[in-house]
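Just below is one structure, and these are the notes that go with it.
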Amino acid sequence: MNLTLHDATPDDAPTLLRFIRELAAYEREPDAVEATEASLRAQLEARPPPFASLIARLDGAPVGFALYFHNYSTWRGRPGLYLEDLFVTPAARGRGVGRALLQALARRAVALGCARMEWSVLDWNTPAIDFYRALGAQPMTGWTTWRLTDAALAALAD
């Protein structure tokens with residue numbers, strides 16, 4: 001088994017979109033994906049791009065990705081790394097791909113002086129929760145994620 005990781009380029013937009021759609025199906029939202037190859041390509045070409053992504057390959061075949069961006073901790077006075085999505089194809093799970101992706105991101109976070117690395121996980125996703133706990137990650141208690149989208153976002157903007 002030859003596992004490699006590489007930074008996504010605009011040419012990886014089709015692969016990213018495939019993984020995003022597979023993740024949406026796994027998370028029980030198969031029709032929620034609005035991203036397109038063209039939008040992902042354009043965003044990866046932007047300077048600066050709004051996100052970065054690592055793609056994992058086993059023996060040359062793409063088997064997973066980690067999409068992330070940087071945030072900032074006002075209390076700690078340093079940047080952070082926010083993992084938006086982590087996905088490994090079912091056939092490649094249990095082969096160290098997810099751990100390799102997270103380890104690569106942790107190395108980047110440390111190299112950049114990030115105060116933290118964070119992500120969200122669905123409360124029913126027991127395999128992911130168990131995996132994250134095994135890595136030493138802890139759930140945040142006392143915090144609830146809030147979100148504005150679509151009409152509510154537009155209404156507030158008016």
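The values are calculated or read from the model by the stated rules, or taken from the named source; none is laboratory data. On a predicted model such as this, the values are computed, not experimentally measured, just so you know. Backbone-built Cβ (ideal geometry, glycine too); neighbour counts: all protein chains shown.
Structure above, values below:
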| read-out | value |
| --- | --- |
| Neighbours by Cβ (under 7 Å, 6+ apart or cross-chain): first from the stretch 134-153, part of a loop (DSSP other than H, G, I, E, B); second modelled with pLDDT of 90 or more and of a type in the set (A, V, I, L, M) | Leu135/Leu102; Leu148/Leu156 |
| Residues located in the stretch 94-117, provided they are basic (Lys, Arg) and in contact (Cβ under 8 Å) with a residue 12 or more places away in the chain | Arg95, Arg99, Arg108, Arg116 |
| Count of residues meeting criterion [under 8 Å from the mean Cα position of the chain (by Cα) and of a type outside the set (Ser, Thr, Tyr)] in the stretch 67-87 | 6 |
| Qualifying positions in the stretch 76-126 - of a type in the set (Phe, Trp, Tyr) and in contact with a strand residue (DSSP E or B) (Cβ under 9 Å, 6 or more places away or on another chain) | Tyr82, Phe87, Trp119 |
| Scope the stretch 26-41; condition surrounded by 13 or more Cβ atoms within 10 Å (Cβ to Cβ), under 21 Å from Leu122 (Cβ atoms) and over 14 Å from the mean Cα position of the chain (by Cα); matching residues | Tyr26, Val33, Ala35 |
| Residues (basic (Lys, Arg) and not in a loop (DSSP other than H, G, I, E, B)) located in the stretch 108-124 | Arg108 |
| Residue match in the stretch 67-74 (condition: in contact with an Asp or Glu (Cβ under 7 Å, 6 or more places away or on another chain) and under 21 Å from Gly136 (Cβ atoms)) | yes |
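Results for (1) touching a Cys at 6+ places or on another chain (Cβ under 7 Å); (2) buried (at least 18 other Cβ atoms within 10 Å of the Cβ); (3) over 13 Å from Glu22 (Cα atoms); (4) not aromatic (Phe, Trp, Tyr), shown as yes or no for each residue.
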{"site": "Phe69", "(1), (2), (3), (4)": "no, no, yes, no"}
{"site": "Arg76", "(1), (2), (3), (4)": "no, no, yes, yes"}
{"site": "Leu81", "(1), (2), (3), (4)": "yes, yes, yes, yes"}
{"site": "Phe87", "(1), (2), (3), (4)": "no, yes, no, no"}
{"site": "Arg93", "(1), (2), (3), (4)": "no, no, yes, yes"}
{"site": "Gly98", "(1), (2), (3), (4)": "no, yes, yes, yes"}
